[in-house]
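Okay, structure first, notes after.
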Amino acid sequence: MDAVDATVEKLRAQCLSRGALGIQGLARFFRRLDRDKSRSLDSGELQRGLAELGLVLDAAEAEGVCRRWDRDGSGTLDLEEFLRALRPPMSQAREAVIAAAFAKLDRSGDGVVTVDDLRGVYSGHAHPKVRNGEWTEEEVLRRFLDNFDSSEKDGQVTLAEFQDYYSGVSASVDTDEEFVAMMTSAWQL
């Protein structure tokens, strides 16, 4: 294990020790730090941001982390890739139940979930904002879909995006049995 991997393991452990929202909380915090919406941070921003959260890296560790997730040679880390790397890997059981839930949503079978696919599985007519006239059923389904969509919110969710969403959830669930039971119940698999 090299120094950057050791640093990531240290950060992962610190995040996970914070409970269910450790990595998700870090993601929200970093997105707020990213004032220019570039989805990247330089080593100084990373180090200061982590320090505000009580997660301490020295300058060399912060620079190493930035170099590892610098996708364009700009000297900054790609925020989404870094946050993805912080999540613990998922077991085959977790990946399989996520794929089953995705398959249930992907009514067309084309590998992409859209509002049209959701219409075949769910109805938004009982949602309080539909009932009071604030939203249409289409808006409810779109907002539901946006939960799983990448930051671009293009109205199409791929299996990779769905897996990415649930890898964040997975990080906060201790056992495979609990995760599989949660997914099975939530998606009525």
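The values are calculated or read from the model by the stated rules, or taken from the named source; none is laboratory data. In this text the structure is predicted, and so the values were computed from the model without any measurement. Cβ coordinates were reconstructed from backbone atoms using ideal geometry, including for glycine residues, and neighbour counts include every protein chain displayed. Side chains included, ligands, DNA and RNA excluded: accessible areas come from the protein's heavy atoms. Shrake-Rupley method; radii C 1.70, N 1.55, O 1.52, S 1.80 Å.
Charges were assigned to the Cβ only: +1 to each Lys and Arg, -1 to each Asp and Glu. The resulting dipole of the chain about its Cα centre is roughly 520 debye. Normalised by 2.2 N^0.38 Å, where N is the number of residues, the C-alpha radius of gyration of region 92-187 stands at 1.13.
Any idea what the dipole of region 32-99 comes to, in debye rounded to 20, about its Cα centre with Lys/Arg Cβ at +1 and Asp/Glu Cβ at -1? Its charge dipole is roughly 280 debye.
The value of relative contact order for region 3-86, using C-alpha pairs under 8 Å at least six residues apart, is 33 percent. Using a probe radius of 1.4 angstrom, the carbon and sulfur fraction of the accessible surface of region 146-189 is 48%.
Using the alpha-carbon positions of the chain, Rg (one decimal) and Dmax (whole number) come out as 18.7, 56 Å.
Heavy-atom accessible surface of region 92-187, averaged per residue, reaches 54 Å², computed with a 1.4 Å probe. Only Cα pairs under 8 Å and at least 6 apart count here; give the relative contact order of region 25-168 as a rounded whole percent. 16 percent. Surface composition of region 88-128: carbon plus sulfur atoms hold 56% of the accessible area, using a 1.4 angstrom probe and ignoring ligands, DNA and RNA. Between the beta carbons of ARG35 and TYR122, assuming R0 = 25 Å, the FRET efficiency works out to 0.10 to the nearest 0.05. Only helices enter the 222 nm calculation for the chain: every DSSP H run of n ≥ 4 contributes -39,500 (n - 2.57), and dividing by all residues gives -17000 deg cm²/dmol, rounded to 500. With protein chains left intact and a 1.4 Å probe, residues in region 3-86 average 52 Å² of accessible area per residue.
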